[in-house]
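S.K.: Starting off with a structure, shown below.
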Amino acid sequence: MNWLEALILGIIQGLTEFLPVSSSGHLEIGKVILGVEAERSLIFTVLVHGATVMSTIVIFWRDILLLIRGLFSFRWNEETKFIFKIIISMIPVAIVGLFFKEEVELFFTGNLILVGSMLLLTATLLLFTRFKKSNERSIGFLDSFVIGLAQAVAVIPGISRSGSTISAGLMLGNKRAEVAKFSFLMVLIPIIGANLKDLLDGEFVSEGSIGIIPLIVGFVAAFVTGLLACKWMIGILKKGKLIYFSIYCYIVGSIAILSGIFT
């Protein structure tokens, strides 16, 4: 992988991690177009995901600090409740990560037909949110588990994690701003935990050598674009403009399916 390929993949990761268009799906498409196997290099994957985690922390640092303070007050307050909801939301994806990791990895083979089909599913989920008129409820404990189920399903490339979790929250009638914060914060621990597990399992071995320059370029690209995409997505969600991403996913998904059929 050269620096230009790392730059492109870093930008794709940073943008699509927060926008409801599936980062894993776009990375699979990017691999096919560029002819690189980025997923085989764990160090690159860890770095770009770590970059988007840092983007989230930078954007929500005040909220995270308030949650930590509330937790260590050792009271059943709003911050403690929110953290417990985050923990509940992690249960489904933790089960998938611990017991079905090898099965999930089988999806990451550059199968454009699969990716395209899942992008169409993401588009449909986003479209459904358009018909939910009332979003006045706060996220409850059962809501957090349902949103967690949506996150677990999103391990399939082409199903957007942010798109599926945000769609689930909105269709449950939860407040838009609260859904956005919950969707972005709930992914921090799973991503960090998954990467640490890979490192501890000794999977920090790449089949091909990647130089330090491509790694730095990929990290910076993912971090900067992640910051921009996260801020942008929060504003878009407040305005209820998810329909444009639905149209985008329908178009890209259809192109991916046709490319997979005729190539």
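The values are calculated or read from the model by the stated rules, or taken from the named source; none is laboratory data. Remember, predicted model here, so these are calculated numbers, not experimental data. Here the Cβ is made from the backbone with ideal geometry for all residues, glycine too, and neighbour counts use every protein chain on show.
S.K.: Anything in the range 40-78 that is under 18 Å from Ala6 (Cβ atoms) and among the aromatic types (Phe, Trp, Tyr)? List them, or say none.
M.R.: The one that is under 18 Å from Ala6 (Cβ atoms) and among the aromatic types (Phe, Trp, Tyr): Phe44.
S.K.: Determine which single condition Gly35 fails, assuming it passes every other condition in (1) among the small types (Gly, Ala, Ser); (2) in contact (Cβ under 8 Å) with a residue 12 or more places away in the chain; (3) over 26 Å from Leu242 (Cβ atoms).
M.R.: (2)
S.K.: Sticking with this one: Can you tell me how many residues within the range 74-107 are out of contact with any Ser or Thr (no Cβ under 6 Å at 6 or more places or on another chain), hydrophobic (A, V, I, L, M, F, W, C) and closer than 24 Å to Ser167 by Cα?
M.R.: Of the residues in the range 74-107, the ones out of contact with any Ser or Thr (no Cβ under 6 Å at 6 or more places or on another chain) are 74-84, 86-87, 90-107.
From what's left, hydrophobic (A, V, I, L, M, F, W, C): 74, 76, 82-84, 86-87, 90-91, 93-96, 98-100, 104, 106-107.
Among the residues that remain, those that are also closer than 24 Å to Ser167 by Cα are: 82-84, 86-87, 90-91, 93-96, 104, 107.
So the answer is 13.
S.K.: Give the residue that is modelled with the lowest pLDDT, with candidates limited to residues of the range 214-235 that are of a type in the set (Phe, Trp, Tyr) and surrounded by 16 or more Cβ atoms within 10 Å (Cβ to Cβ).
M.R.: Initial filter on the range 214-235 (of a type in the set (Phe, Trp, Tyr)): 219, 223, 232.
Narrowing the set further to residues that are surrounded by 16 or more Cβ atoms within 10 Å (Cβ to Cβ) leaves 219, 223.
Values: Phe219: 91, Phe223: 94.
Filtering the range 214-235 for residues that are of a type in the set (Phe, Trp, Tyr) and surrounded by 16 or more Cβ atoms within 10 Å (Cβ to Cβ), the one modelled with the lowest pLDDT comes out as Phe219.
S.K.: Within the range 81-104, is even one residue over 19 Å from the mean Cα position of the chain (by Cα), surrounded by fewer than 14 Cβ atoms within 10 Å (Cβ to Cβ) and in a loop (DSSP other than H, G, I, E, B)?
M.R.: Among the residues of the range 81-104, not one is over 19 Å from the mean Cα position of the chain (by Cα), surrounded by fewer than 14 Cβ atoms within 10 Å (Cβ to Cβ) and in a loop (DSSP other than H, G, I, E, B), which makes the answer no.
S.K.: How about the range 153-167: which of its residues are part of a helix (DSSP H, G or I) and surrounded by fewer than 24 Cβ atoms within 10 Å (Cβ to Cβ)? It would help to see each step written out before you state the result.
M.R.: First, the residues of the range 153-167 that are part of a helix (DSSP H, G or I): 153, 161-167.
Residue satisfying the conditions is Val153 alone.
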